[in-house]
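Following: one structure in structure tokens, then a few remarks.
The values are calculated or read from the model by the stated rules, or taken from the named source; none is laboratory data. Note that the coordinates shown come from a computational prediction; the quantities given were computed from them, not determined experimentally. Glycine also receives a Cβ, built like all others from the backbone with ideal geometry; neighbour counts cover every protein chain displayed. All accessible areas refer to the heavy atoms of the entire protein, side chains included, with ligands and DNA or RNA removed. Shrake-Rupley method; radii C 1.70, N 1.55, O 1.52, S 1.80 Å.
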Number of protein chains: 2
Amino acid sequence: MDYYEHFRIAPGSKLDLDKFDPVCKDLHDDRDLAETEMLRLRDRLRQLQYSLYAERKRSVLICLQGRDAAGKDGTIRHVFRAMNPQGCRVFSFKVPSKVEAEHDFLWRHHLVTPQLGHIAVFNRSHYEEVLVQRVHNMVPKEVWKRRYDEINNFERMLANNGTHILKFYLHIDPEEQLERFKKRLDSPHKHWKISDADYAERPFWDDYTDAYEDALSKCSTDYAPWFAIPSNRKWFRSYVVLKILIAAFESFNMSFPETSVDLDEIRRLYHQEKKKENGS
Amino acid sequence: MDYYEHFRIAPGSKLDLDKFDPVCKDLHDDRDLAETEMLRLRDRLRQLQYSLYAERKRSVLICLQGRDAAGKDGTIRHVFRAMNPQGCRVFSFKVPSKVEAEHDFLWRHHLVTPQLGHIAVFNRSHYEEVLVQRVHNMVPKEVWKRRYDEINNFERMLANNGTHILKFYLHIDPEEQLERFKKRLDSPHKHWKISDADYAERPFWDDYTDAYEDALSKCSTDYAPWFAIPSNRKWFRSYVVLKILIAAFESFNMSFPETSVDLDEIRRLYHQEKKKENGS
């Protein structure tokens, strides 16, 4: 099963989220098998990260988007904890600070794009500027409408300069969201996470659906694909994200860099030091 | 065994690294037992990180210092990979860029100190400014000499503002370093890591020892302790760092924050949504 191709939004195609199944039971229904496979997949991802880090020829930018409780934090916990933190940084974008809001909408994101050899994970991203800002009319329509092109231009520039971009939209349905809100209420140690805002966005469900459809349709490109991930089942969501990441990283065809030194000279230095040590 | 107290440099004391045993076989010599315990310790550290993140009342800054091949990268791999990357970032400080060098010596470090709820790991740190810069006379003596006070003042200010600082010096002896260089030569997949500089610093071993002794003696304070870690044995090094981190985090006496919302009101909202769902 080629999850990469299956869940990729083909450039130029129109996504219809009402027809998108957030469960996909027919694709995989054996959680135990998936959990076992994921142990191996995480090891593989770690190896691939090591190659990326050693090679220092490209970087990876991952955007995670989804509604409240869709599983962005859980994906970071279950997928990205596999990575060595030395080469992987997570950035969560909340309401912009005053200084951030006084810059163009891409500024704060551009500040933290990954350097060569590194991975940056955006927990929410510059796409909020065509999601929450559109749904709540925080900017005029002509402003958010031109942002799709502005985002594509920004991402193309990053890609041209060595950044591979992978964008994941975690799709749940409203029933699943409500279930997850309920679980927070039922677990006293999760009460601190509950926000009044959790319920305030639910009346705008369909508006968000429209906004996500537009964002994913207009901004899934060859250089920065969007993937829509069925996320009602947490284990399957993590499994699919892992599979797609590994397919992407493997397509880079990475290799360890050649040594930059004269190994014979290094061997000579080693023996010289060893002799000193034995002599002393 | 209280590793925290045992390996802490007491404020005002004078460290003598020539008398410091980089092995400490008598303290622990059962690697299998330690590896098993470490699985549990990493889980515990993860829990503590979660409390730190939830509480959002303090941050943690960890400095890793040590000579080439002392195990800074290995410590990150074996200890800090336990953490959720959402709240833990690693910063490696290499030779300063031109812009960095045109600022005061603390500037580039201050830029990336951790926010509340977060952990920052410095792989090398502002201490390089009293180590490599001192040993190679990159700045006049009166400049590096006043930096001990400047560093202490900087760290006291951070501590006063909610940042807990823990500093680890990974101590190996020259024989162990040479062994590790040899291993790089013997492993073709590690050849890309070999640098001519590896051997260039060895003639300055004793100068570095003096510089480390001064840095650790002058800058181990109540608010920002230094720990000297016996690091010839990699597993023991990771084990001790884990034990010290857990002791430090436990001393914070953290608790989950109270909920900021009216739970009854949230329950009412939940049932209202549930009714809508069933009605539709």
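Some observations on this one:
- In the set A:Phe181, A:Phe236, A:Phe204, A:Phe256, only one residue is closer than 30 Å to A:Lys19 by Cβ, outside any strand (DSSP E or B) and open to solvent by 60 Å² or more (accessible area, probe 1.4 Å); that residue is A:Phe204.
- Residues that are over 17 Å from the mean Cα position of the chain (by Cα) and away from chain B (no Cβ under 14 Å), drawn from region A:61-99: A:Val95, A:Pro96, A:Lys98, A:Val99
- When every residue of region A:216-228 is checked against the conditions, none turns out to be in a loop (DSSP other than H, G, I, E, B), modelled with pLDDT of 95 or more and closer than 30 Å to B:Asp186 by Cβ.
- Every listed requirement among (1) surrounded by fewer than 14 Cβ atoms within 10 Å (Cβ to Cβ); (2) farther than 19 Å from A:Trp226 by Cβ is met by A:Asp149 save one, (2).
- Where a residue in region A:243-272 is within 10 Å of chain B (Cβ to nearest Cβ) and its partner, wherever it lies, is hydroxyl-bearing (Ser, Thr, Tyr), with Cβ under 6 Å and at least six apart: A:Leu269/B:Tyr199
- Identity of the residue in region A:190-201, open to solvent by 30 Å² or more (accessible area, probe 1.4 Å) and among the acidic types (Asp, Glu), that ends up farthest from B:Tyr270 (Cα to Cα): A:Glu201
- Answer residue from region B:184-201, given it is more than 9 Å from every other protein chain (Cβ to nearest Cβ) and in a loop (DSSP other than H, G, I, E, B) and is modelled with the highest pLDDT among those: B:Glu201
- Count - residues of region A:92-128 that are in contact (Cβ under 8 Å) with a residue 60 or more places away in the chain, surrounded by 15 or more Cβ atoms within 10 Å (Cβ to Cβ) and in a loop (DSSP other than H, G, I, E, B): 4
- When A:Val240 is tested against (1) over 30 Å from B:Ala200 (Cα atoms); (2) within 10 Å of another protein chain (Cβ to nearest Cβ); (3) among the β-branched types (Val, Ile, Thr), only condition (2) is not met.
- The helices (runs of 4 or more DSSP H) found wholly in region A:1-83 and carrying at least 3 residues that are open to solvent by 20 Å² or more (accessible area, probe 1.4 Å) and not charged (D, E, K, R) occupy A:31-55.
- Filtered residues of region A:153-178 (kept if within 14 Å of chain B (Cβ to nearest Cβ) and part of a helix (DSSP H, G or I)): A:Pro174, A:Glu175, A:Glu176, A:Gln177, A:Leu178
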